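Have a look at the structure below, then the notes.
The values are calculated or read from the model by the stated rules, or taken from the named source; none is laboratory data. On a predicted model such as this, the values are computed, not experimentally measured, just so you know. We place every Cβ from the backbone using ideal geometry, glycine too, and count neighbours over all the protein chains shown.
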Amino acid sequence: MRNNAHTYGAITNDTKELGITRQLIGGAGSCYWKQLINGMHLDRHLHCVEYVVVPSGSSIGMHRHEQTEEIYYIVSGRATMDLNEQHLQVSAGDLITTPLGASHGLANYSRQDMAFFVVEVYPGKTASGVAREPAHISLRPRLRPSASVTGKQSAFRSACIDLSWYFTGNWGQLTVVELPPAEELGLCQREGRDQVLFVVDGQAEITFEEESISGSTGLCLAVPTSMSRRIVNASSQKPLEVICLEVYHATGR
């Protein structure tokens, strides 16, 4: 059995200095890509966290997921996506789930770049013979007021999806949080669940243990289950949008 002591410290990265991938999985043109977190640093209950930019006119080839389950969260722009037999128009604020055995590809026919946040998790032991359907979920329209954690009158907004309904792996909840200017959010620590935080838009200051890191769109942080964490909107004028994704330990479910 795993004990309560975490086996790694906080991991930080950002979306600066992207690499170039040409003809990505058989697609057209060039895309910009970066792996933000490698699962080998997370006790192997997660495969990887990535960020991808697809310029106008470029595409990602159609491919089948044979080894991992995957989500896309569209950070900016819009694109056309083929998801199994579905032909979808996806745009900023959309979440796309791709379970084991599903196929997808993406093309940007618009005049602007589009970008998306990627998380891949290994399937569960019960994956064999278990079929899950892919899903396209617009999360921003689901944002609803939530009680302020600071006692102020202004409240943040959030939308939450339990990803365990869509996959067989160690997925927990994905929450999109919109934090008002100068507001702060203390994130709860839940036993057996690590957390990946990603700044979608705005200026953030994230405190974990006795350390703080500041950044804007593209800042990414992985925090082990036992570590305290707090997010502050560092802007006095603009809201802050953050993704909070929980991933169970291999023995946490």
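Below is a table of values for the structure above.
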{"quantity": "Residues of the range 29-55 classified as farther than 19 Å from Glu70 by Cβ, out of contact with any Gly (no Cβ under 7 Å at 6 or more places or on another chain) and part of a loop (DSSP other than H, G, I, E, B), total", "calculated": "1"}
{"quantity": "Which listed residue is β-branched (Val, Ile, Thr), more than 17 Å from Val247 (Cα to Cα), surrounded by 15 or more Cβ atoms within 10 Å (Cβ to Cβ) and at pLDDT 95 or above, from Val49, Val75", "calculated": "Val75"}
{"quantity": "Those residues of the range 185-230 which are over 30 Å from Leu18 (Cβ atoms) and acidic (Asp, Glu), in sequence order", "calculated": "Glu191, Glu210"}
{"quantity": "Residue within the range 81-89 that is assigned to a strand (DSSP E or B), touching a helix residue (DSSP H, G or I) at 6+ places or on another chain (Cβ under 9 Å) and surrounded by fewer than 22 Cβ atoms within 10 Å (Cβ to Cβ) present", "calculated": "no"}
{"quantity": "Options Ser154, Ser138: the member that is at pLDDT 85 or above and either farther than 26 Å from Val232 by Cβ or of a type in the set (Gly, Ala, Ser) (or both)", "calculated": "Ser138"}
{"quantity": "Options Ser235, Ser216, Ser226: the member that is within 22 Å of Val75 (Cα to Cα), of a type in the set (Ser, Thr, Tyr) and surrounded by fewer than 16 Cβ atoms within 10 Å (Cβ to Cβ)", "calculated": "Ser216"}
{"quantity": "Residue among Ser76, Ser58 that alone is polar (S, T, N, Q) and out of contact with any Gly (no Cβ under 8 Å at 6 or more places or on another chain)", "calculated": "Ser76"}
{"quantity": "Residue within the range 113-128 that is surrounded by fewer than 21 Cβ atoms within 10 Å (Cβ to Cβ), in the same structural domain as Leu18 (by TED's automatic domain parsing) and in contact with a helix residue (DSSP H, G or I) (Cβ under 7 Å, 6 or more places away or on another chain) present", "calculated": "no"}
{"quantity": "Residue in the range 180-194 that is within 19 Å of the chain's Cα centre (by Cα), crowded, with 20+ Cβ neighbours inside 10 Å and either charged (D, E, K, R) or at pLDDT 95 or above (or both) present", "calculated": "yes"}
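The rows are residues; the columns are (1) over 20 Å from Leu143 (Cα atoms); (2) touching a strand residue (DSSP E or B) at 6+ places or on another chain (Cβ under 8 Å).
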position: Phe167; (1), (2): yes, yes
position: Gln173; (1), (2): no, yes
position: Val196; (1), (2): no, yes
position: Asp201; (1), (2): no, yes
position: Ala204; (1), (2): no, yes
position: Glu211; (1), (2): yes, no
position: Val232; (1), (2): no, yes
